[in-house]
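Reading through the structure tokens given below for one structure.
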Amino acid sequence: MSRRRRFTVPDRAYRRALAAAAVLFAALLVAFVVAMAVQAVPAFSSLGFSFLWGTTWDPYHGAYGLLSFIVGTVETTAIALFLAVPIGIGTALALAYLVPDRMRAPLSTTVELLAAVPSVVYGLWGLVVVAPYFATHVEPFLTSAFGWTGLFAGPNQGVGLLLAGVILFIMVLPTLVAISRDVLAAVPREQVEGAMAVGATRWQVLWRVVVPGARTGLLGAFTLATGRALGETVAVALVIGNSPHLATSLKSNAATIPSLIVSAFGEATGTQRSVLFAAALVLLVVGIAVNFLGRFFVRSVKRSGAASVAVA
Amino acid sequence: MSVPPSHQPVRTASRNRRRLLVTGVLSAGLLLAACSSNSSSSTTTTGGSSGATAKSADPYLAADLKAGAAQLTGAGSTFVQPVFTKAFYAYSALNQAVTVNYQAVGSGAGITAFQGGTVNFGASDVPMTAADIAKVPASYGGVLQVPDTLGGVTLSYNLPGVKTGLHLDGPTISAIFLGTIAKWNDPAIAKLNPGVSLPDQPITTVHRSDGSGTNYIFTDYLSTVSPAWASGPGKGKSVTWPASSVGSSGNSGVAASVKSTPYSIGYVELAYALQNNFTFAAVKNAAGVYVLPTLASVAADASQDPNVTSTNFSIVNQPGTASYPIAGYSWALIAMKQPNDTSGKTLVQVLDWMTHTGGGQDQAPSLGYVPLPANIQALARTTLLQVTGPNGAVLLTK
């Protein structure tokens, strides 16, 4: 009896501490939004809202248009995810179901190690090793093969929107693969074996049972990858060319909101500083919007009667 | 695959903890010993130069080396980072009580940090304007700007097969960076370089994306020699560049971009160009001669204008056949009224040592900076002699 009482007080305190931590994280998110908003208010009060879609960025003459940075952020993230989602989910499926047992552990560990490489290392590698290769081999090839689309106009500089998108793709891929592989492997074996038992081919099992079964977890992986791609600062700033103009082709120089903040914040004062906080707020809102959009998509697919039971 | 944690009984845990502590103490001790042996070895190598300073009759320098203990911080220009790093390290080797931490964040950010009071001194390639000075705290009692380095800005290019010394003149450089000259084999460049085979490739220009004093010196030069530039982007720490120009952060960023981008050209401080073995252009000076940036040509340019002050500081495009036209001083920014006697006195003594021959200026040539001319060193000292402590006493003494 005394033994039971000895564990009750710490037990209650532990539970309360964990609950407090959970509430703290929610409060932290609210605090972020409020802090950004408070710092951004001077910009909104002196410039109105039009600077959010203004196209000219020239702080020395009072022009603070953020559109080219917002578009640049969306474009680089889109390129990165366009490459990462098919390749990442494919790799994760392979690691979870297709690769021989002996190779599963070493390959998984290698992918996880890639996720541990610091971003600035990717940026330096991208600038020093990949950019010259892009300029001399990749960009000329893409221009000659796909130039008719109009997406590859301009000189072959190496750095630019495409390189930034590719570096981001390499950075988010390990995270996406590591989480997706765990989620895909966690689909109940009864469902997989059940599908095989009724005569489904390997591809049918993977695409009609496993992937739909893991879709909530895959959405989580996708959201994490998007979050990382949206917020990547130094690696992007090193390879994107830092030009505050709207990119007209995949080879142009562009800029993202994080690269703008890292290059301009040091000496920004007054209105410009406030505008940078407003830009950070926009980034935060875009990230949250992507998250909610994804959840909505998953819920609507569930409601429309998709095949299997979702993994919690 | 997760590995279950191994079960460790309590007795082994405490023994392991003790082992860890002993290992930690031993390695910390070894590290400290290595560091102190490093600094003592560098003392012996700089011992020669300090022996030479004893011969010179500068009474302030000896006192400078006996400054009181302090940890000073500075921030600003990337233009001066190589020489500041080396000189402050050499100073700390001679006077282990003082450490100076310098962050090269760009001239613009350095001025902001100085205005915010987060650093002891700022560093900027362009002196603070009246508007900047108005933003410093009133407790500073005013701002003093001390010239601390003299350097040149090179036009470094990455052209496979073309050696150093491509001839370029002001209007051509301006047209290249405006985008009106788009290819390397453009007739305007070919005319200046008969006999050089220029590739048929588009030119990628690289500029500074952060607020930069190097940018100011370069655009000051372009505004002086090209009306198209003066009426277009103009001069400033940050200007508007065409969309095809690549922006990089810091002198080191531009250097890295030029190195990685074939057929590119960018403006980098001479020390960075020498360290990276860049090929750079011979620029036509005001006398019509094509001059390569070297210590001698930058010094020749600076010597043409001995009356430099913090309000009249531009030395670009000076007359003289040996002058390299794109050069400038860099300035240290300090409060006239220091809040603390000890750290304030150490600050002025370190800066005085930094700006004089026999002190920090001896480190300059090995890195590609020109030692300050004698009259500019005198200007630095008279400026530093105006710094007072909180009670009004002059801090720099013999």
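The values are calculated or read from the model by the stated rules, or taken from the named source; none is laboratory data. Keep in mind the model is a prediction, meaning the values are calculated, not measured. When we count neighbours, we look across all protein chains shown, and the Cβ atoms used for this are built from the backbone with ideal geometry, even at glycine.
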Show me the strands (runs of 3 or more DSSP E) found entirely inside region B:70-139 where at least 1 residues are farther than 23 Å from B:ALA327 by Cβ.
B:70-76, B:98-104
Inside region B:291-303, can you point out the residues that are buried (at least 17 other Cβ atoms within 10 Å of the Cβ) and either in a strand (DSSP E or B) or touching a strand residue (DSSP E or B) at 6+ places or on another chain (Cβ under 7 Å) (or both)?
B:VAL291, B:PRO293, B:LEU295, B:SER297, B:VAL298, B:ALA299, B:ASP301, B:ALA302
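Within the bounds of region B:334-357, is there any residue that is in contact (Cβ under 8 Å) with a residue 60 or more places away in the chain, of a type in the set (S, T, N, Q) and either within 14 Å of chain A (Cβ to nearest Cβ) or under 25 Å from B:PHE177 (Cα atoms) (or both)?
We begin by selecting, within region B:334-357, every residue in contact (Cβ under 8 Å) with a residue 60 or more places away in the chain; these are B:334-337, B:339, B:342-343, B:345-347, B:349-357.
Next, only the ones that are of a type in the set (S, T, N, Q) stay: B:342-343, B:346, B:349, B:355, B:357.
Now drop any that are not either within 14 Å of chain A (Cβ to nearest Cβ) or under 25 Å from B:PHE177 (Cα atoms) (or both), which leaves none.
There is no residue in region B:334-357 that is in contact (Cβ under 8 Å) with a residue 60 or more places away in the chain, of a type in the set (S, T, N, Q) and either within 14 Å of chain A (Cβ to nearest Cβ) or under 25 Å from B:PHE177 (Cα atoms) (or both).
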Extreme residue, surrounded by the fewest Cβ atoms within 10 Å (Cβ to Cβ), among residues of region B:194-216 that are in contact with a strand residue (DSSP E or B) (Cβ under 9 Å, 6 or more places away or on another chain) and under 19 Å from A:GLY266 (Cβ atoms)
B:HIS207
For the condition out of contact with any Gly (no Cβ under 6 Å at 6 or more places or on another chain), surrounded by fewer than 18 Cβ atoms within 10 Å (Cβ to Cβ) and outside any strand (DSSP E or B), what is the one hit in A:ALA92, A:ALA40, A:ALA27?
A:ALA27
Which one is nearest to B:SER248 (Cα to Cα) among residues in region A:250-295 that are of a type in the set (Ser, Thr, Tyr) and assigned to a helix (DSSP H, G or I)?
A:SER263
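Is it true that B:LYS163 is surrounded by fewer than 22 Cβ atoms within 10 Å (Cβ to Cβ), basic (Lys, Arg) and assigned by TED's automatic domain parsing to the domain that holds B:GLY232? Full working, then the answer.
On the way: surrounded by fewer than 22 Cβ atoms within 10 Å (Cβ to Cβ): yes; basic (Lys, Arg): yes; assigned by TED's automatic domain parsing to the domain that holds B:GLY232: yes.
The answer is yes for B:LYS163.
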If you take the residues of region B:332-381 that are among the polar types (S, T, N, Q), part of a helix (DSSP H, G or I) and touching a strand residue (DSSP E or B) at 6+ places or on another chain (Cβ under 8 Å), which of them is surrounded by the fewest Cβ atoms within 10 Å (Cβ to Cβ)?
B:THR342
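Within region B:252-282, which residues are part of a strand (DSSP E or B) and either closer than 18 Å to B:ILE203 by Cα or without any contact (Cβ under 8 Å) to a residue 40 or more places away in the chain (or both)? It would help to see each step written out before you state the result.
First pass over region B:252-282, keeping only residues part of a strand (DSSP E or B): B:264-269, B:279-280, B:282.
Residues satisfying the conditions are B:SER264, B:ILE265, B:GLY266, B:TYR267, B:VAL268, B:THR279, B:PHE280, B:ALA282.
Test A:PRO174 against the stated conditions and say whether it is touching a residue at least 12 places away in the same chain (Cβ under 8 Å), within 14 Å of chain B (Cβ to nearest Cβ) and crowded, with 17+ Cβ neighbours inside 10 Å. Step through it out loud before you land on a result.
On the way: touching a residue at least 12 places away in the same chain (Cβ under 8 Å): yes; within 14 Å of chain B (Cβ to nearest Cβ): no; crowded, with 17+ Cβ neighbours inside 10 Å: yes.
No; evaluated as a whole, the condition is false for this residue.
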Listed by first then second residue, the pairs whose first member lies in region A:128-157 and is under 18 Å from A:ILE240 (Cα atoms), whose partner is of a type in the set (Asp, Glu), with beta carbons under 9 Å and at least 6 positions apart or on separate chains, are A:PHE152/A:GLU139; A:PRO155/A:GLU139; A:ASN156/A:GLU139; A:GLN157/A:GLU139
Is there a residue in region B:225-245 that is more than 9 Å from chain A (Cβ to nearest Cβ), within 21 Å of B:SER323 (Cα to Cα) and buried (at least 21 other Cβ atoms within 10 Å of the Cβ)?
yes
